[in-house]
Amino acid sequence: MASIRQALLGQSRAKSDKPLRILVPIGGDDLDAHLLNYVCKIAKKQSSFITMIYVVEVDQALPLDMDLPADVTRGETVLQRAQGAVMQDLDVKTCSINTDLLQARLAGPAIVDEAVMQDADAIIMSARVTKRLGKRTIGDTVDYVLKNAPCEVVLLRAAMPENLMHELEMDLE
């Protein structure tokens, strides 16, 4: 199995090894640029198959295969932008870049299932600290992926928002 740590350190792998298989869930928010920059840094040091996915979460009250044109259009737009940004920065001779739009009840299980199907070496994703039910959290999706992924998970967490940082400081006093 390939290691993201080895790729970041620029350690060469045996010639018989396959390229690094990286799964990148894209959220369509301001964290994507930093996430894609990080993925490109890895892919420049190690030949890679990069699969960017966007998950459309389908409400329990709706059929899973429900046609959701607005959500699908947004997902396709986000994936096209992300793919364009990565293709500008990488050598397409050493890296393969694919996109996939998924519909699922929950994003976490969809990401893990995709990692299993693709035999991913790593999932590289971003997160943001928020407050829910009075507690700071990185969310159910990230929590599920961290607990269930069959491969390495690299999490790029955004800086904590000022209001949560202030609360944290108050808790520490």
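The values are calculated or read from the model by the stated rules, or taken from the named source; none is laboratory data. Note that the structure is a prediction, hence the values are computed from the model and not measured. Counting neighbours? That spans all protein chains shown, and the Cβs are built from the backbone with ideal geometry, glycine included.
Can you tell me how many residues within the range 86-110 are among the polar types (S, T, N, Q), modelled with pLDDT of 90 or more and surrounded by 15 or more Cβ atoms within 10 Å (Cβ to Cβ)?
The total comes to 2.
Only residues that are of a type in the set (D, E, K, R), in contact with a helix residue (DSSP H, G or I) (Cβ under 9 Å, 6 or more places away or on another chain) and modelled with pLDDT under 90: list them for the range 30-44, please.
Of everything in the range 30-44, those that are of a type in the set (D, E, K, R), in contact with a helix residue (DSSP H, G or I) (Cβ under 9 Å, 6 or more places away or on another chain) and modelled with pLDDT under 90 turn out to be K41, K44.
Collect the residues in the range 84-121 that are of a type in the set (S, T, Y) and not in a loop (DSSP other than H, G, I, E, B), keeping them in residue-number order.
S96, T99, listed by residue number.
Does M160 count as over 27 Å from S47 (Cβ atoms), modelled with pLDDT under 80 and outside any helix (DSSP H, G or I)?
It is true that M160 is over 27 Å from S47 (Cβ atoms), modelled with pLDDT under 80 and outside any helix (DSSP H, G or I).
Given the options R13, R74, R5, R81, name the one that is in a helix (DSSP H, G or I), of a type outside the set (A, V, I, L, M) and modelled with pLDDT under 90.
None of the other options fit; the residue is R5.
Among the residues of the range 122-147 satisfying the criterion of being in a strand (DSSP E or B) and among the aliphatic types (A, V, I, L, M), which is modelled with the lowest pLDDT?
Out of the qualifying residues, it is A127.
In contact (Cβ under 8 Å) with a residue 24 or more places away in the chain and either surrounded by 16 or more Cβ atoms within 10 Å (Cβ to Cβ) or within 13 Å of the chain's Cα centre (by Cα) (or both), is that true of V154?
For V154, the condition - in contact (Cβ under 8 Å) with a residue 24 or more places away in the chain and either surrounded by 16 or more Cβ atoms within 10 Å (Cβ to Cβ) or within 13 Å of the chain's Cα centre (by Cα) (or both) - is met.
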